[in-house]
1. Please give the number of the condition Val93 fails out of (1) of a type outside the set (S, T, N, Q); (2) surrounded by fewer than 17 Cβ atoms within 10 Å (Cβ to Cβ); (3) in a helix (DSSP H, G or I).
2. Being crowded, with 22+ Cβ neighbours inside 10 Å and within 23 Å of Leu41 (Cβ to Cβ) is the filter here; which residues of the range 104-127 pass it?
3. Just a yes or no: is a residue in the range 71-81 loosely packed, with under 15 Cβ neighbours inside 10 Å and either part of a loop (DSSP other than H, G, I, E, B) or at negative phi (or both)?
4. For the range 125-146, which residues satisfy the criterion of being closer than 29 Å to Asp62 by Cα, in a helix (DSSP H, G or I) and not β-branched (Val, Ile, Thr)?
5. Of the conditions (1) over 28 Å from Ser31 (Cβ atoms); (2) assigned to a helix (DSSP H, G or I); (3) not polar (S, T, N, Q), Val156 satisfies every one except a single condition; which number is it?
6. Please verify whether the range 32-48 includes one or more residues that are out of contact with any Leu (no Cβ under 7 Å at 6 or more places or on another chain), assigned to a loop (DSSP other than H, G, I, E, B) and either modelled with pLDDT of 95 or more or more than 15 Å from Ala110 (Cα to Cα) (or both).
Amino acid sequence: MLDKEALDKVDWDRLGYGGHLIRELLIGATSKDSEISTRALNNLENYLTPWPAFDASYGTPDTFKSALQNDIPQATVPFLLDILTDETLDSWVRSFVIEILHDMALYLNASKVYLRLHDPLDDIYRTRARAIRTAVERGIPIYQTLLNHADETLRVSAEDMLQIL
């Protein structure tokens, strides 16, 4: 379940441009109104994992660096994990959240393609990609639990996530 008290303690604006929207999008993602939750999840996905920033086959160093220009993605992960534990939410919402986390975890792989080794200007992006991956890995017990879920899509999403971690 989304911890709204913890959500309110984060200074989203300090973390980066557009940060104030993230709080509202996370709350919207948990809405029982499917239009609101769909819109919120799509906006979260576009903000946190704009395609092709995480895809080393199609992206560019610029799209990658733009996606990791601030610490908002890393700060968002614990709240996305909270959403995954909320069994009152539709399975498709939880599957969508796993998809976002999956793509965020791929930033570490993409950093090996997009960033120059030993370039101090790239260190911040490498550090952020590593921190995001570590935060996503904290959800391994949650993904493992979802392997036994009744919903097949949610099970497959969890399995795909565990395969890349």
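1. (2)
2. Met104, Ala105, Tyr107, Ala110
3. Of all residues in the range 71-81, those loosely packed, with under 15 Cβ neighbours inside 10 Å come to none.
For the range 71-81, residues loosely packed, with under 15 Cβ neighbours inside 10 Å and either part of a loop (DSSP other than H, G, I, E, B) or at negative phi (or both): absent.
4. Within the range 125-146, Tyr125, Arg126, Arg128, Ala129, Arg130, Ala131, Arg133, Ala135, Glu137 qualify.
5. (1)
6. yes
The values are calculated or read from the model by the stated rules, or taken from the named source; none is laboratory data. The shown structure was predicted, so the numbers you read here are calculated from the model rather than taken from an experiment. When we count neighbours, we look across all protein chains shown, and the Cβ atoms used for this are built from the backbone with ideal geometry, even at glycine.
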